[in-house]
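Taking it in order: structure first as structure tokens, then the write-up.
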Amino acid sequence: MDEEQLNNPNVQKAVNTLTIQNEAQLKEIVDRLVYQTEVTDMHTHLFSPDFGDLNLWGVDELLIYHYLISETFRWTEQDYASFWEMSKTEQADWVWKKLFVEHSPISEAARGVITIFNRLGLDTSSRNLNDYRAQWAQKSAEQQVDDVMAAAKVKKIVMTNDPFDDKERAVWTEKQGNQDSRFYAALRVDPIVNQWDQSVSKLNELGYDVSAEWETRTIEETRRFLSEWIERMDALYLAISMPGDFSYPSEDHRSRMIDDVIIPVCQDKGIPFGLMIGVKRQVNPQLRLAGDMSMRSNIEAVQNLCNRYPDQKFLVTMLSRENQHELTVLARKFRNLMVFGCWWFLHIESMVEEMTRFRLELLGTSFIPQHSDCRVFEQLVYKWEHSRKILANVLNEKYATLMQEGWVLTEAEIQRDVEDMLDVNFWRFLGKA
Ligand code: RAT
Ligand code: ZN
């Protein structure tokens, strides 16, 4: 068949519905589809170019990613304060020297930088940081966003949006907010749930009549705050990170806020509540953003939420390896629970493989295998490529065992499954697909 025929949609459809003949053909098809299918990245810390310098990109930002900062400090006695006093360029020089020159960049986060350089066409053998900087200097933020999304095959990006952040709020209130249709908002609610005392004055400043006491007026006004911001941002879901000792229900502020404000607002707006559970914040405050740890959690909090609110959808990921299997089992019991991503310290090859494998074995394709959690734009390239490789390998193995039993497969069926996992499951869960 020549290229013209292959590009004809009718011919394509006929080819897609042909039975796959052997495992070599299967591998070619699965690899191609997993690598080529455009993804929806449902949790990131990226911003569209509308947000100006909140949109982080470039080689220095890549090197001072907090995942790399904590790794770099393992190689030096340097005091923390002097590191934070350095300019970004000096910090990046230091990370480069310690992690890429004096040692091999083998960790996931360090290897990721090399994948990015290579995919963006830089000479990884030169190891010349200033050359890399010079090549980046030729780009604009807008161009880089386009190029990276094309290279990573990411079509939709969900940001993490915080109205308490002064810089970000100004973009929503004084400018036009997000105008880029490839980007979507998720409203982050950590402060009002986890630091209520500090949030009261902030809400007052923003014009909401709340007080430290939990009373009707405070509940109404906090609901109003969330509703107005969901509308302003067109937020797809509410999101929070929870410490490992999160329990629900409980006689505490968190449970009151969930029951009286968060769930009623989510129900009213018809949006999910996303929970990322198992962080132990600031075990080493000197490392700042890099100073958080993972913590084992009690799955019963999720079970109780799903049980009490069967009509409410919950997007959930957990941070400790020990919680992963039971979270996946719980998703078999509650269709209002969508398991997503391999979060933070689990976003490493060995854990992604283990989790992807048992999630497929317990849930079939009815989950969201990955989100990137990127903070720097170019990270989309490595985070997605590394995960796609694992997903392709595991899927190849699973389909091959079906074929060995005489099950016939078509390319169209595999395409459906891959699109579900990388894109559609998220939107369907939101009721938007
Ligand atoms: O993965 C990260 O970069 C963490 O620092 C957190 O931001 C985490 O993903 C979160 O959303 O709380
Ligand atoms: Zn995150």
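Could you tell me the center-to-center distance, by alpha carbons, between the range 279-344 and the range 132-152 in angstrom?
Going from one Cα centre to the other spans 34 Å.
What relative contact order, as a whole-number percentage, does the chain give when Cα pairs under 8 Å and 6 or more residues apart are counted? Could the numbers behind the result be given before it?
On the way: 627 pairs, mean separation 101.8, N = 433.
Once divided by the residue count of the chain, the mean separation gives 24 percent.
Name the GluC sites (Glu not before Pro) in the range 21-129 that are in a loop by DSSP and that have at most 15 other C-beta atoms within 10 Å, would you?
Passing both the DSSP loop test and the Cβ count: Glu38, Glu77, Glu102.
Ignoring ligands, DNA and RNA, please state the percent of accessible area on the range 62-136 from carbon and sulfur, probe 1.4 Å. Mind showing how you got there, number by number?
On the way: 1800 of 3800 Å².
Taking all protein chains in place, the range 62-136 shows 47 percent carbon and sulfur surface.
Please give the residues of the range 342-365, grouped as numeric ranges, whose backbone N is less than 18 Å from a label point set 7 Å along the Cα-to-Cβ vector of Arg74.
Only 344-352 fall inside the zone, counting backbone N under 18 Å.
Starting from the range 186-221, pick out the GluC sites (Glu not before Pro) whose DSSP state is loop and whose Cβ has at most 14 other Cβ atoms within 10 Å. Intermediate results must be reported in sequence, preceding the final value.
On the way: sites: Glu205, Glu213, Glu215, Glu220, Glu221; in loops: Glu213, Glu215.
Those that pass, being in a loop and sparsely packed, are Glu213, Glu215.
Rounded to the nearest whole Å², what accessible area per residue is found for the range 282-327 with the 1.4 Å probe?
Details: 2290 Å² over 46 residues.
Solvent-accessible surface per residue comes out at 50 Å².
Which aspartates and glutamates have a Cα lying under 19 Å from the Cα of Lys98, excluding residues fewer than 8 positions away in the same chain?
Asp60, Glu61, Glu71, Glu77, Asp79, Glu85, Glu90, Glu108, Asp131
I'd like to check one number: the per residue accessible area of the range 62-136, probe 1.4 Å, reported in Å² as a whole number. Mind showing how you got there, number by number?
Values: 3800 Å² over 75 residues.
Computed with neighbouring chains in place, this is 51 Å² per residue.
Distance between the C-alpha centers of the range 24-81 and the range 371-416? Whole Å please.
19
Among bridges DSSP assigns within the chain, what percent are antiparallel (round to 5)?
Working: 3 of 26 bridges.
Just about 10 percent of them are antiparallel.
With runs of 4+ DSSP H residues as the only contributors, calculate the mean residue ellipticity of the chain at 222 nm using -39,500 (n - 2.57) per run, divided by the residue total and rounded to the nearest 500. It would help to have the intermediate numbers written out before the result.
Working: 22 runs with 213 residues, N = 433.
-14500 deg cm²/dmol, from helical runs alone.
Binned at 10 Å from 0, what are the whole-percent values of the Cα-Cα distance distribution for the range 300-345, short to long?
It works out to 28, 57, 14, 0, in whole percents.
Which residue, Thr216, Thr44, Thr124, has the most motion in a Gaussian network model of the chain that connects Cα atoms within less than 10 Å?
Fluctuation is largest for Thr216.
What number does the chain give for Rg over Rh if you use C-alpha atoms and the Kirkwood radius?
Numbers: Rg = 22.7 Å, Rh = 23.3 Å.
Over the Cα atoms of the chain, Rg/Rh equals 0.98.
Got a sec to turn the phi values of the range 67-80 into Karplus ³J(HN,Hα) couplings, 6.51 cos²θ - 1.76 cosθ + 1.60 with θ = phi - 60°, whole Hz, x for Gly and Pro?
My calculation for the range 67-80 gives 4, 7, 4, 5, 5, 5, 4, 5, 9, 8, 9, 3, 6, 5 Hz in order.
Can you give the extra length, in nm with one decimal, that the chain gains between Ser250 and Asp131 once fully stretched, where that is 0.36 nm per residue apart less the Cα-Cα distance?
Numbers: separation 119, 0.36 × 119 = 42.84 nm, distance 5.56 nm.
Stretched out fully, the Ser250 to Asp131 stretch lengthens by 37.3 nm.
Test of understanding: extend the Cα→C-beta vector of Val408 to 7 Å, then name every residue of the range 5-27 with backbone N under 15 Å from that spot.
Taking a point 7 Å out along Cα→Cβ of Val408, the residues of the range 5-27 whose backbone N falls under 15 Å are 14-22.
Please compare each pair in Lys27/Lys389; Lys333/Lys398; Lys139/Lys383; Lys398/Lys432; Lys167/Lys432; Lys155/Lys333 to a cut-off of 20 Å on the Cα-Cα distance and tell me which ones are over it.
Lys333/Lys398; Lys139/Lys383; Lys398/Lys432; Lys167/Lys432; Lys155/Lys333
Tell me the relative contact order for the range 198-311 as a rounded percent, counting alpha carbon contacts under 8 Å between residues six or more apart. Before the final figure, lay out the partial values.
Working: 127 pairs, mean separation 28.6, N = 114.
Taking the mean separation of contacting Cα pairs over the length of the range 198-311, I get 25 percent.
With the full set of protein chains in place, find how many percent of the accessible area of the range 216-310 is carbon and sulfur; take the probe as 1.4 Å. Can you show the working numbers first?
Numbers: 1750 of 4110 Å².
Using a 1.4 Å probe with all protein chains present, the range 216-310 comes out at 43 percent carbon and sulfur.
The values are calculated or read from the model by the stated rules, or taken from the named source; none is laboratory data. All values reported here derive from a predicted model rather than from experimental measurement. Cβ atoms come from the backbone with ideal geometry, glycine included; neighbour counts cover every protein chain shown. The accessibility values were calculated without ligands, DNA or RNA, using every heavy atom of the protein model including side chains. Shrake-Rupley method; radii C 1.70, N 1.55, O 1.52, S 1.80 Å.
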